[in-house]
Amino acid sequence: MRQLYDELRPGDRVEVIHHIKIDSSENLDSRMIGTVVKKERRQCGIDSGFARNWDDKYWFDHLVLRK
């Protein structure tokens, strides 16, 4: 996934499937087709169980898409 994300450029047309876990027995899929506007890395707070950086923050890679 990292290599695929790194190869994306503004103007590329993509389909993104977001797998959302509701509980132990139910999952939802959300699909979006759009054009990549930009890629960015956002810093998030301490409200999650993800491994954190030294400053108690963690980072997510985001795609900004235009439908």
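The values are calculated or read from the model by the stated rules, or taken from the named source; none is laboratory data. Nothing here was measured: the structure is a model prediction, and the numbers come from that model. Note that each Cβ is placed from the backbone with ideal geometry, even for glycine, and that neighbours are counted across all protein chains shown.
Among residues of segment 4-43 being loosely packed, with under 10 Cβ neighbours inside 10 Å and of a type in the set (A, V, I, L, M, F, W, C), the one that is farthest from Leu65 (Cα to Cα) is Ile22. Quick one: Asp47 ticks every box in (1) at pLDDT 85 or above; (2) assigned to a loop (DSSP other than H, G, I, E, B) bar one, so which box is it? Every condition holds for Asp47 apart from (1).
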